[in-house]
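Reviewing the structure listed below.
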Amino acid sequence: MPIVKENVYGGPNIGVFLRMNNQYLLYPSKINPKLLELIQEMDPTLNCIETFIAKSSVLGSYVAMNSFGMVVPHLISDEELDTLRGLMQKNFQIVEIETESNAFGNLILCNDQGAILSSKLQDIQDIIASA
């Protein structure tokens, strides 16, 4: 697999804008189409979904995701949530959580075996664990 250097929205912090697991890539509009082509060439089975969260392009900051589901902030609009649910498998859980801290992509490190949560999410760790 190649290593590619790329900017998204003019900056090198691609994790702020993109969120990916083994099945899905969430990306905002107006990213370099060549980057999407490269990603799809590396994994043609990956479902690439253009979307926003809270009308914002910082998807990577808002979303924490593994192969079973994702956690999104309550800031997500009903339309954005419906779009995601319509494009993802029925057994893929999308959990909307209302809390003061909403940058789940920055506050949760997770894979299919477990997660490490920021202490800022201590009051909702049971919700995240049961999702």
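The values are calculated or read from the model by the stated rules, or taken from the named source; none is laboratory data. Predicted model only: the values in this text are computed from it and were never measured. With ideal geometry, Cβ positions are generated from the backbone for all residues, glycine too; neighbour counts draw on all protein chains shown.
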For ARG19, work out the one condition from (1) free of Cβ contacts under 8 Å to residues at least 24 places away in the same chain; (2) among the charged types (D, E, K, R); (3) in contact with a strand residue (DSSP E or B) (Cβ under 9 Å, 6 or more places away or on another chain) it doesn't fulfil. (1)
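If you scan region 28-44, which residues turn out to be in a helix (DSSP H, G or I) and surrounded by 13 or more Cβ atoms within 10 Å (Cβ to Cβ)?
As a first pass, look at region 28-44 and keep what is in a helix (DSSP H, G or I): 33-42.
Passing the criteria: LEU35, LEU36, LEU38, ILE39, GLN40.
Would you confirm whether or not region 46-54 contains a residue that is of a type in the set (S, T, N, Q), more than 11 Å from the chain's Cα centre (by Cα) and at pLDDT 95 or above? Lay out the reasoning, then the answer.
First, pick out the residues of region 46-54 that are of a type in the set (S, T, N, Q): 47, 51.
Filter once more, so that each one left must be more than 11 Å from the chain's Cα centre (by Cα): 47.
Checking the rest, the ones that are also at pLDDT 95 or above come to 47.
Yes: one or more hits.
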From the options ASN47, ASN7, residue that is surrounded by fewer than 19 Cβ atoms within 10 Å (Cβ to Cβ) and closer than 30 Å to ALA129 by Cβ: ASN47
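Considering only residues that are assigned to a loop (DSSP other than H, G, I, E, B) and touching a residue at least 12 places away in the same chain (Cβ under 8 Å), look in region 67-90 and name the one that is surrounded by the most Cβ atoms within 10 Å (Cβ to Cβ).
Our first condition is that a residue be assigned to a loop (DSSP other than H, G, I, E, B); within region 67-90, this holds for 67-68, 74-77, 88-90.
From what's left, touching a residue at least 12 places away in the same chain (Cβ under 8 Å): 67-68, 74-77, 88-89.
Working: SER67: 11, PHE68: 12, HIS74: 10, LEU75: 14, ILE76: 24, SER77: 12, MET88: 18, GLN89: 10.
Once the filter is applied, the top-ranked residue is ILE76.
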